[in-house]
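Written out below as structure tokens is the structure these notes cover.
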């Protein structure tokens, strides 16, 4: 007879993180789409202006352009980084050992780098599909879905093009994964058992993920600002990302954190939803810990 086990003690399976991230992407896709539009536009327009323009041209469904590619990206990029972190963490704690924070950071950084590289092709297609609506009809690529986009890029432009931008994507993924996964793991472990958080429940999950989302936004802001600056600059303005960084630094370090709140509005909810979904999937469909399993 199986020994009853508390749901909060259940262990996630390696693919749960990717599934949870895909579910979160379905909810936050409109914010991600508007971010891409703002980063690729000429001139400065507000989030409200971009939303109004998109609604007038394509209606409500316009906010979900490229959703299939966004989900595909999460099922490659996020599934890889969550799986690598989960497998590594289980290996380092299988004897009941507590994993120090610096090891979590190192593991998350490695997982993020791998996930960022694996997810680059889907990210490329995702950005193209989201930005397609801004192009003239004769210039649109018209990918039917994420898989069609991957196939056409591979066939028409080659493998190398599928991984263009991999360096930036990988660097950003390292920062995001450290901020999201390692910090969520550490914050949750630190808060659990304190007077305000006696149980492993939704309040703990929300609080931990909200804080992790803020940290992830802070860590990724410099890269996002540089990427946006380089995308909007006239050709030849910056010879390298270092040249762009020096130009921004002229006005002080706060230049790297312009637009923090809009960035958090996008990444924060996605982080919160990802971990809220992940924890519910874990508690309802995860594996029982070895000590609790038996007959």
Failed item in (1) at pLDDT 90 or above; (2) touching a strand residue (DSSP E or B) at 6+ places or on another chain (Cβ under 9 Å), with residue 14 passing the rest: (2)
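Out of 111, 106, report the one residue that is part of a helix (DSSP H, G or I) and under 17 Å from the mean Cα position of the chain (by Cα).
Working: 106 fails: under 17 Å from the mean Cα position of the chain (by Cα).
Testing whether each residue is part of a helix (DSSP H, G or I) and under 17 Å from the mean Cα position of the chain (by Cα) leaves just 111.
Take residue 98 and tell me if it is touching a helix residue (DSSP H, G or I) at 6+ places or on another chain (Cβ under 9 Å) and either farther than 25 Å from residue 71 by Cβ or not in a helix (DSSP H, G or I) (or both). Spell out how you get there, then give the answer.
Details: touching a helix residue (DSSP H, G or I) at 6+ places or on another chain (Cβ under 9 Å): yes; either farther than 25 Å from residue 71 by Cβ or not in a helix (DSSP H, G or I) (or both): yes.
Against the criterion (touching a helix residue (DSSP H, G or I) at 6+ places or on another chain (Cβ under 9 Å) and either farther than 25 Å from residue 71 by Cβ or not in a helix (DSSP H, G or I) (or both)), residue 98 qualifies.
Any idea which residue in segment 5-29 is farthest from residue 278 (Cα to Cα), counting only those that are touching a residue at least 12 places away in the same chain (Cβ under 8 Å) and part of a loop (DSSP other than H, G, I, E, B)?
Within segment 5-29, the subset touching a residue at least 12 places away in the same chain (Cβ under 8 Å) is 5, 7-29.
Remaining after also requiring part of a loop (DSSP other than H, G, I, E, B): 5, 10, 12-15.
Values: 5: 19, 10: 12, 12: 8, 13: 10, 14: 11, 15: 10 Å.
Of everything passing the filter in segment 5-29, 5 is farthest from residue 278 (Cα to Cα).
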Top-ranked residue in segment 86-104 [being within 23 Å of residue 20 (Cα to Cα) and surrounded by fewer than 18 Cβ atoms within 10 Å (Cβ to Cβ); ranked as modelled with the highest pLDDT]: 87
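Every residue in segment 134-144 that is exposed (fewer than 13 other Cβ atoms within 10 Å of the Cβ) and either within 23 Å of the chain's Cα centre (by Cα) or outside any helix (DSSP H, G or I) (or both), please. Steps first, please.
At the first step, the residues of segment 134-144 found to be exposed (fewer than 13 other Cβ atoms within 10 Å of the Cβ) are 135-139, 142, 144.
Of everything in segment 134-144, those that are exposed (fewer than 13 other Cβ atoms within 10 Å of the Cβ) and either within 23 Å of the chain's Cα centre (by Cα) or outside any helix (DSSP H, G or I) (or both) turn out to be 135, 136, 142, 144.
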Is it the case that segment 40-55 has a residue that's under 23 Å from residue 271 (Cα atoms) and at pLDDT 75 or above? yes
Looking at (1) surrounded by fewer than 17 Cβ atoms within 10 Å (Cβ to Cβ); (2) touching a helix residue (DSSP H, G or I) at 6+ places or on another chain (Cβ under 6 Å), which is the only condition residue 213 fails? (1)
Residue check, residue 119 under 30 Å from residue 59 (Cβ atoms) and modelled with pLDDT of 85 or more: yes
Return the residues of segment 222-259 that are modelled with pLDDT of 80 or more, in contact with a helix residue (DSSP H, G or I) (Cβ under 8 Å, 6 or more places away or on another chain) and more than 16 Å from residue 169 (Cβ to Cβ); say none if nothing qualifies. 244, 245, 247, 248, 249, 256, 257
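Have a look at 189, 213, 179 and point out the one that is free of Cβ contacts under 8 Å to residues at least 24 places away in the same chain, over 18 Å from residue 16 (Cα atoms) and either out of contact with any strand residue (DSSP E or B) (no Cβ under 8 Å at 6 or more places or on another chain) or outside any loop (DSSP other than H, G, I, E, B) (or both).
On the way: 213 fails: free of Cβ contacts under 8 Å to residues at least 24 places away in the same chain; 179 fails: free of Cβ contacts under 8 Å to residues at least 24 places away in the same chain.
None of the other options fit; the residue is 189.
Taking segment 153-176, which residues are in a helix (DSSP H, G or I) and free of Cβ contacts under 8 Å to residues at least 40 places away in the same chain? Before you say what the answer is, go through the steps one by one.
We begin by selecting, within segment 153-176, every residue in a helix (DSSP H, G or I); these are 153-157, 159-162, 166-176.
Those that are in a helix (DSSP H, G or I) and free of Cβ contacts under 8 Å to residues at least 40 places away in the same chain: 153, 154, 155, 156, 157, 159, 160, 161, 167.
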Boolean, residue 219 is within 26 Å of residue 174 (Cβ to Cβ), within 18 Å of the chain's Cα centre (by Cα), at pLDDT below 85 and surrounded by 12 or more Cβ atoms within 10 Å (Cβ to Cβ): no
Subset of segment 145-204, residues farther than 22 Å from residue 111 by Cβ, at pLDDT below 95 and crowded, with 20+ Cβ neighbours inside 10 Å, comes to 146, 149, 153
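The values are calculated or read from the model by the stated rules, or taken from the named source; none is laboratory data. Note that this is a predicted model, so its numbers are computed, not measured. Heads up, the Cβs are rebuilt from the backbone with ideal geometry, glycines too, and the neighbour counts pull from every protein chain shown.
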